[in-house]
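Reading through the structure tokens given below for one structure.
The values are calculated or read from the model by the stated rules, or taken from the named source; none is laboratory data. In this text the structure is predicted, and so the values were computed from the model without any measurement. Positions of Cβ are backbone-derived with ideal geometry, glycine not excepted, and every protein chain shown enters the neighbour counts. Note: accessible area is taken over every heavy atom of the protein model, side chains too, but ligands, DNA and RNA are not part of it. Shrake-Rupley method; radii C 1.70, N 1.55, O 1.52, S 1.80 Å.
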Amino acid sequence: MHCNVQILNAASLMACTNARNNIATNYFSRTLRWIKLQLRQNAFFANMEPGFVSSWAKFVCRAAGDNITDIWELLPRYTSLLPPPQHTMQYLEYLVVTMQQLMGPLPVTDQSLEHQPESYLPWLHMVLSDFKEAQDTPDAPRLFSMLPQSSNHTQFITISSTSLHK
């Protein structure tokens, strides 16, 4: 009985660690891919060079994740970006406010992701849902597992012949 408890404790610890690592490691890249998906639906960004779309996505991610209220104060830090037309500015402001309401505890930092990863699961679930809906579009984002489990199997085993002779 005691052995079973130890096995269950070890398994739950491993599952918890995997979940924390998965969220902390992949949160920003998945958020950036979601932002790019949203931006591509706007006419201003639809035919834009991918490098500029990435810069705009980083701009939006920073504004939302850092809980910035006046996002245009942030624009001068992104020297490759010029102010967009007014209707696009309003769209970006709306996107940032929406994200701030849904992302989880703000500001989003590496520390907050490590200490409260479960707080960001609803956001990642919404991102995954949007990715699933976009699977029939060109450049559809790759789907991901919310809580992947690593394998318990040893990938490489080295057996030293000298240890066998002892």
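From the list Leu37, Leu82, exactly one residue is more than 20 Å from Leu147 (Cα to Cα) and in a helix (DSSP H, G or I). Which is it?
Leu37
If you take the residues in the stretch 30-75 that are of a type in the set (Phe, Trp, Tyr) and open to solvent by 20 Å² or more (accessible area, probe 1.4 Å), which one is nearest to Leu102 (Cα to Cα)?
Filtering first and then ranking leaves Trp72.
Leu121: at pLDDT below 95, within 14 Å of the chain's Cα centre (by Cα) and among the hydrophobic types (A, V, I, L, M, F, W, C), yes or no?
When the stated conditions are applied, Leu121 passes them.
Need pairs with beta-carbon distance below 6 Å; first residue without any contact (Cβ under 8 Å) to a residue 24 or more places away in the chain and within the stretch 127-147, second among the aromatic types (Phe, Trp, Tyr) and open to solvent by less than 80 Å² (accessible area, probe 1.4 Å); sequence gap 6+ or separate chains.
Between residues of the stretch 127-147 that are without any contact (Cβ under 8 Å) to a residue 24 or more places away in the chain and residues that are among the aromatic types (Phe, Trp, Tyr) and open to solvent by less than 80 Å² (accessible area, probe 1.4 Å), the close pairs are Leu143/Phe131.
Being over 16 Å from the mean Cα position of the chain (by Cα) and either part of a helix (DSSP H, G or I) or within 20 Å of Ser129 (Cα to Cα) (or both) is the filter here, so list the residues in the stretch 40-54 that pass it.
Selection gives Arg40, Gln41, Asn42, Ala43, Phe44, Phe45, Ala46, Pro50, Gly51, Phe52, Val53.
Between a residue in the stretch 1-26 that is under 26 Å from Phe144 (Cα atoms) and open to solvent by 60 Å² or more (accessible area, probe 1.4 Å) and any residue that is at pLDDT 75 or above and part of a helix (DSSP H, G or I), which pairs come within a Cβ distance under 8 Å, given they are 6 or more apart or on different chains?
Taking only residues 6 or more apart or on different chains, the pairs are Arg20/Glu114; Arg20/Pro117.
Just need a number here: residues in the stretch 97-123 that are in a loop (DSSP other than H, G, I, E, B) and aliphatic (A, V, I, L, M).
So the answer is 3.
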